[in-house]
Amino acid sequence: MSADLRRLTADPWFVLGGGLALLLALLLLLAPWLRAHDPHDMSFTPLTPPSAAHWLGVNDGGMDIWAELLTGLGNTLAFGLITSLLGLTLAVTIGLTSAWFRGLTDALLMRLADLLLAIPAVMILILLATFFQPGPAPLALVLALLAWPSGAKVIRAQALTLQGRGHLLAARQMGAGSPYIIGRHLLPELFPLYLISLAALVRMAVFMEASLSFLGLFDPGRKSLGMMIRQALNYYYLEVWWHWLLPPILLLTLLVMAFTFLAVSLEKLFDPRLRGVW
């Protein structure tokens, strides 16, 4: 076991975040067997309380809440993962390109990053969802296009510090081209930063998806945790809070906490400025 891995496994933030992520992953993997009903089946009696047939009861549309919950968790997490992977790809590509070529390329890309950082992503997404009503995939792409600057700046800064190292200078002197040096040396050596950026992007995208769903800006037929919270709040005056409102809030909280704890633990390990601070 490497020293970094030993430090990670000894970090309570990583253990807690990893445990929550593993628990949610198992829940999703077992969902086909745990879900006894089709989440879109509207044949049940609306607002039926929990029972052996319906573990969390039935919502106002006659659909099983437990099946809806598992499907909503999967959709919310899928949106977060797709957005984060697209955003990370852009951050890595732009950050390394900016650091390696410098000059005008660096100036243009970093000014673009500064501009995007000044734009509130949530307002852009709300406007797009309101006027054009795109599906989750286009919104994930737009969010990724808005979310890459922070990661790109961190990757660029670290890549600049690596360029003066001996093995990179030797590769240059031996005639290695830019694609080879970036792909063979810079790209793999910055791998820990990718994990930190990925965890932070997933957390942000999950929360953003839940917010948009709660506001009713997604297709109402698409199951998500935010949509379930929105629907349950319409019946706050009934005794539904513990079996309809609380479960999606709890799962969303655990999802955000898992990636927050993972991001914190990874930053503590790989960012030298944070060592000894926590």
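The values are calculated or read from the model by the stated rules, or taken from the named source; none is laboratory data. Remember, predicted model here, so these are calculated numbers, not experimental data. Heads up, the Cβs are rebuilt from the backbone with ideal geometry, glycines too, and the neighbour counts pull from every protein chain shown.
Just wondering, is there one or more residues in the stretch 227-250 that are within 15 Å of the chain's Cα centre (by Cα) and at pLDDT 90 or above? Scanning the stretch 227-250, I find no residue that is within 15 Å of the chain's Cα centre (by Cα) and at pLDDT 90 or above, so the answer is no.
Of the residues VAL202, VAL154, VAL142, the single one that is over 30 Å from PRO247 (Cβ atoms) and at pLDDT 90 or above is VAL154. Of all residues in the stretch 70-91, those satisfying the criterion of being within 12 Å of TRP148 (Cβ to Cβ) and either surrounded by fewer than 22 Cβ atoms within 10 Å (Cβ to Cβ) or of a type in the set (Phe, Trp, Tyr) (or both) are LEU85, LEU86, THR89, LEU90. The listed residues are ALA137, ALA113, ALA205, and the only one of them that is touching a Pro at 6+ places or on another chain (Cβ under 7 Å) and either in a helix (DSSP H, G or I) or more than 24 Å from THR260 (Cβ to Cβ) (or both) turns out to be ALA113. Looking at the structure I just gave you, is LEU254 free of Cβ contacts under 8 Å to residues at least 12 places away in the same chain, in a helix (DSSP H, G or I) and either surrounded by 20 or more Cβ atoms within 10 Å (Cβ to Cβ) or touching a helix residue (DSSP H, G or I) at 6+ places or on another chain (Cβ under 9 Å) (or both)? So LEU254 does not fit the description; no.
The single condition among (1) over 30 Å from TRP244 (Cα atoms); (2) of a type in the set (S, T, N, Q); (3) in a loop (DSSP other than H, G, I, E, B) that THR89 does not satisfy is (3).
Kindly indicate whether ILE94 is free of Cβ contacts under 8 Å to residues at least 40 places away in the same chain, among the β-branched types (Val, Ile, Thr) and more than 21 Å from TRP242 (Cβ to Cβ). Spelling it out, it is not the case that ILE94 is free of Cβ contacts under 8 Å to residues at least 40 places away in the same chain, among the β-branched types (Val, Ile, Thr) and more than 21 Å from TRP242 (Cβ to Cβ).
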